[in-house]
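Below is one structure, written out as structure tokens; the observations come after it.
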Amino acid sequence: MADQEDDFITQRETMVELQIRARGVIDEKVLAAMRKVPRHLFVPQKIRPFAHGDEPLPIGEGQTISQPYIVAYMTQALELTGKEKVLEVGTGSGYQTAVLAEIVRQVFTVELLSALSDRARALLQELGYTDIHYKVGDGTSGWEENAPFDAIIVTAAAPAVPKRLQDQLSPDGRMIIPVGAGFQDLFLISRERRGFRKKKLLPVRFVPLISAH
Ligand code: SAH
């Protein structure tokens, strides 16, 4: 058992060096978080040997845990220092949530499917992440009561940037979100004094953001 845990540590280190740092993610806080969070625990038991592969994996309910590089890339794009209040839309396995919680103190996460939210919450609590705030519901409308957020990360693809979400950004806030149907691009939305700046970053493939309406 201990040997197997050592294997996973080695696999995480290799994942960080070859898939993440080698492709240009250099934020040490992000790299440290990716080395620390036990990714294998966030995937179904029978696919644990593949947990550190360079690809997304199924987590049940037709949903996926994102490719490690994409998790790191999106997290780095938020330029977190540690003081931010962050909203995640699409808790899924809770993996991205844990990576955020390693970096900042205040993480709020919304998931549409209660089965996934409940499972992620149980695992994250077991791992000692006790300060995360969970909500079951449609994340397209954000989490009004706790807004504004310094950073928002959306981990499912929206047909367009949801306005209600954008409006929950604090001044100077940043949001990273995949936009498009089928073919999608990752966008970084920055709130500025005169409005929002939208920057296209890279092509991606995410599961769709399901509209509850
Ligand atoms: N961040 C996750 C990735 C999950 S995949 C991880 O690290 O594992 C995207 C998730 O978004 C799925 O769990 C899906 O159920 C959820 N989702 C889809 N539409 C949603 C919506 N409108 N509001 C909140 N969550 C949504």
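Which residues, counting only those in region 141-157, are over 16 Å from Thr97 (Cα atoms) and either more than 15 Å from the chain's Cα centre (by Cα) or basic (Lys, Arg) (or both)?
We begin by selecting, within region 141-157, every residue over 16 Å from Thr97 (Cα atoms); these are 141, 144-148, 157.
Within region 141-157, Ser141, Glu144, Glu145, Asn146, Ala147, Pro148 meet the criteria.
Can you tell me how many residues within region 4-32 are of a type in the set (D, E, K, R), open to solvent by 40 Å² or more (accessible area, probe 1.4 Å) and more than 14 Å from Pro49 (Cβ to Cβ)?
Qualifying residue count for the region: 7.
Quick grid of which residues meet (1) without any contact (Cβ under 8 Å) to a residue 24 or more places away in the chain; (2) part of a helix (DSSP H, G or I):
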site	(1), (2)
Val25	no, no
Leu31	no, yes
Met34	no, yes
Lys46	yes, yes
Glu55	yes, no
Ile59	no, no
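Tell me which of these Ala98 doesn't satisfy, since it passes every other one: (1) in a helix (DSSP H, G or I); (2) open to solvent by less than 50 Å² (accessible area, probe 1.4 Å); (3) without any contact (Cβ under 8 Å) to a residue 60 or more places away in the chain; (4) within 11 Å of the ligand (Cβ to nearest atom).
Ala98 satisfies all of (1) in a helix (DSSP H, G or I); (2) open to solvent by less than 50 Å² (accessible area, probe 1.4 Å); (3) without any contact (Cβ under 8 Å) to a residue 60 or more places away in the chain; (4) within 11 Å of the ligand (Cβ to nearest atom) except (3).
Given the options Tyr69, Tyr129, name the one that is of a type in the set (Phe, Trp, Tyr) and in a loop (DSSP other than H, G, I, E, B).
Tyr129
Considering each of Ile152, Ile210 in turn, give the residue that is β-branched (Val, Ile, Thr), outside any helix (DSSP H, G or I), away from the ligand (no atom under 11 Å from the Cβ) and surrounded by 13 or more Cβ atoms within 10 Å (Cβ to Cβ). Don't jump to the end; show me each part of the working.
Details: Ile210 fails: away from the ligand (no atom under 11 Å from the Cβ).
Just a single option satisfies the conditions, and that option is Ile152.
The values are calculated or read from the model by the stated rules, or taken from the named source; none is laboratory data. Here the structure is a predicted model, which is why all the values come from computation and not from measurement. Counting neighbours? That spans all protein chains shown, and the Cβs are built from the backbone with ideal geometry, glycine included. Note: accessible area is taken over every heavy atom of the protein model, side chains too, but ligands, DNA and RNA are not part of it. Shrake-Rupley method; radii C 1.70, N 1.55, O 1.52, S 1.80 Å.
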